[in-house]
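The values are calculated or read from the model by the stated rules, or taken from the named source; none is laboratory data. Every value quoted in this text rests on a predicted model; they were computed, and no experiment measured them. Cβ placement follows ideal geometry from the backbone for every residue including glycine, while neighbour counts extend to all protein chains displayed.
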Amino acid sequence: MAAFTHHVFICTNTRPEGHPRGCCNADGSARLRERFKDEVARRNLKATVRANASGCLDQCEHGPTVVVYPDGVWYGFVRDEDVVEIVESHLLAGRPVERLRLKPACINTRACEHKPRPAGEGAIAK
C-alpha cells in the first residue's frame with residue numbers, strides 16, 4: 001500500500017456547555033468526522049487519505065477545527081456542508097479553501113480576534 005498523501009484531523013473534543021473557549025464537538029456526535037470519512041470513501045481516496053478523529057487541537061475558539069497534514073493547513077468554523085469543498089478543492093486539487101483557513105496569527109497564540117480576552121484587557125487589535 002502506498003503512503004497516505006494527506007491526514008485530516010478533525011477535533012472531536014467536547015467541553016461543557018457555555019465554556020468560554022467554545023467546543024469543536026458541542027453535540028458530541030462526531031458527525032463532522034463521519035462526513036469526512038464518507039466523502040473520502042465516496043471519492044475512492046481511502047488508500048491515500050486518512051480522516052482521523054482528534055482530541056483537542058487547542059483551537060477551541062475556532063471550532064469545529066480541522067487540520068490537514070502534511071500541508072499544515074488549519075481550518076476553523078468548519079460545518080458539515082464544507083466537507084465536500086475541502087475534499088474537492090484541497091485534497092483533490094491541491095488548493096486550500098481560503099474562506100475557512102485560519103489566519104497564522106490565530107494558531108497557537110495567546111490572543112486573536114476569536115479568543116476571549118482576560119479580564120481587564122482591552123480589545124485585541126486585528
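Observations, loosely collected:
- Out of Glu81, Glu88, sole residue that is within 27 Å of Ala105 (Cβ to Cβ), surrounded by fewer than 16 Cβ atoms within 10 Å (Cβ to Cβ) and not aromatic (Phe, Trp, Tyr): Glu81
- Filter result (surrounded by fewer than 16 Cβ atoms within 10 Å (Cβ to Cβ) and at pLDDT below 90) within the range 1-13: Met1, Ala2, Ala3
- Count - residues of the range 6-49 that are without any contact (Cβ under 8 Å) to a residue 24 or more places away in the chain, closer than 26 Å to Ser89 by Cα and not polar (S, T, N, Q): 8
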